[in-house]
Amino acid sequence: MDHFLYRNGVLHAEDVPVAEIAAQVGTPVYIYSAATLTRHFRLFQEALSPLPHLVCFAIKSLSNVAVLKLLGDLGAGMDVVSIGEYLRAKAAGVPGERIVFSGVGKTRAEMRAALEGGIRQFNVESEPELMALSEVATSLGKVAPITVRVNPDVDARTHAKIATGKKENKFGIPISRASEVYALAARLPGIEVVGIDVHIGSQLAELAPFEAAFGKVAELTQRLRAEGHDIRRLDLGGGLGIPYTRGNEAPPLPMHYGEIIKRSVGHLGCEIEIEPGRLISGNAGLLVTEVIYVKSGEDRDFLIVDAAMNDLVRPSMYDAHHDIVPVVEPAAGVDQHPYDVVGPICETGDTFARARALPPLAAGDLIAFRSAGAYGAVMASEYNSRPLVPEVLVKGEHFAVIRSRPSYIEIVNRDSIPEWL
Ligand code: LLP
């Protein structure tokens, strides 16, 4: 559920007409709904209650500091994968004790900064990382709280590029080697074992893979405890999928996901952490774009819009589907027309949708890509020297630009010409 609905024939973001934002801020523009973000975060809170838990928002899905502040103020923790994300969480006022640090390639500089600034835990993904962390923590006279991310060799049955829990993936340590790695962690100075971490992939459309992975984590908890480790937290990662096609998909609900968690690990007396990104932010965002031209090809019509693959890369990168809706509600019964919806970038991959049925559209019309809140703005680039898309947050009848569009001068001036050239 989200808060982007037609009212009196025009698409609104909560109480604000989308066209009003487009007129003030220009297009393309990302628009986020505070009410949707809030609602989705609370669904996870409710799903995990009464277990002691912390819902850590995966910042990688949507990292604007205003959004992080909104979620942080609701009590969210944050899952970060770089010191850049860590600094964003801090800038949003989230305390270090609510920030978990994930990722396979944390550098020593990142470890140092997180230890100095305060961190809840590092989710360690390899022995070399564990040893580096031990050295960094010891050199600072600190103790690094850690979980080890285990790879349970479970098929998440999602797009290959975002499946992470199979043994051939680069993530975590094989669950079969966990005892060895935890024994090493227990021996190393500057390291304190606090729990276990697992994350098997993103956009999961079913619960069975979660259940398989969490069951393995439960077994491992008992085993590691028997080996003398104080396993008191379980970080179960993110990954719950969202519906990208309205009316057609019914991915599992957070409530049912919560039931799986309670059933598989609820009896262990651990504090539960989860790291959802997409389910909180995905359907909380639109990318609004204007039709520049309607071009008639030999056998199809192209809708050439002012957003491109650099602004929303998911369709070209993962063949992802995003529903497209016109900002002015089509009249009831109007004949739909198939369009290839494309951006202005000089490659065929810059295609958002093929033969998409839409009402007849003309240059100057606004359309919106739905479900664009997650992995939208954060994956944007300046390819073709196109400025990063601005972001707007709506709350009720208020809206504000929470990241402005850079000017062309700013973009060009970031480059410098060496004096010897
Ligand atoms: N925790 C870890 C360790 C992760 O690697 C991820 C996502 C998450 C949590 C959050 O997963 P979520 O709840 O959002 O599914 N760019 C891709 C998605 C990449 C996901 C990477 N890891 C896309 O646009 O589909």
Looking at Ile175, Ile191, Ile242, Ile231, which is the one that is open to solvent by less than 10 Å² (accessible area, probe 1.4 Å), aliphatic (A, V, I, L, M), in contact (Cβ under 8 Å) with a residue 24 or more places away in the chain and more than 17 Å from Leu51 (Cβ to Cβ)?
-> Ile242
Residues that are in contact with a helix residue (DSSP H, G or I) (Cβ under 7 Å, 6 or more places away or on another chain) and either within 11 Å of the ligand (Cβ to nearest atom) or of a type in the set (Phe, Trp, Tyr) (or both), drawn from the range 191-216 | Val198, Ile200, Gly201, Ser202, Gln203, Leu204, Phe210, Phe214
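Among the residues of the range 268-286, is there at least one that is under 30 Å from Val18 (Cα atoms), open to solvent by 40 Å² or more (accessible area, probe 1.4 Å) and within 14 Å of the ligand (Cβ to nearest atom)?
There is no residue in the range 268-286 that is under 30 Å from Val18 (Cα atoms), open to solvent by 40 Å² or more (accessible area, probe 1.4 Å) and within 14 Å of the ligand (Cβ to nearest atom).
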Run down Arg263, Arg246, Arg225 and say which single residue is part of a loop (DSSP other than H, G, I, E, B) and among the basic types (Lys, Arg).
-> Arg246
So how many residues does the range 242-258 have that are at pLDDT 95 or above and out of contact with any Gly (no Cβ under 9 Å at 6 or more places or on another chain)?
-> 6
Would you tally the residues in the range 362-381 being under 12 Å from the mean Cα position of the chain (by Cα), buried (at least 24 other Cβ atoms within 10 Å of the Cβ) and not aromatic (Phe, Trp, Tyr)?
-> 6
Of all the strands (runs of 3 or more DSSP E) wholly in the range 1-99, which have at least 3 residues that are within 30 Å of Ile260 (Cβ to Cβ)?
-> 53-58, 77-80
Restricting attention to the range 234-260, report how many residues are touching an Asp or Glu at 6+ places or on another chain (Cβ under 9 Å) and within 14 Å of the ligand (Cβ to nearest atom).
-> 13
Subset tally (residues that are open to solvent by 60 Å² or more (accessible area, probe 1.4 Å) and either closer than 15 Å to Leu312 by Cβ or free of Cβ contacts under 8 Å to residues at least 12 places away in the same chain (or both)) for the range 348-361 = 1
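The values are calculated or read from the model by the stated rules, or taken from the named source; none is laboratory data. Values in this document were obtained by computation on a predicted structure and should not be read as measured data. Methodologically, a virtual Cβ is constructed for each residue, glycine included, from the backbone with ideal geometry; neighbour enumeration extends over all protein chains shown. In case anyone asks, the SASA skips ligands and DNA or RNA and just uses the protein heavy atoms, side chains included. Shrake-Rupley method; radii C 1.70, N 1.55, O 1.52, S 1.80 Å.
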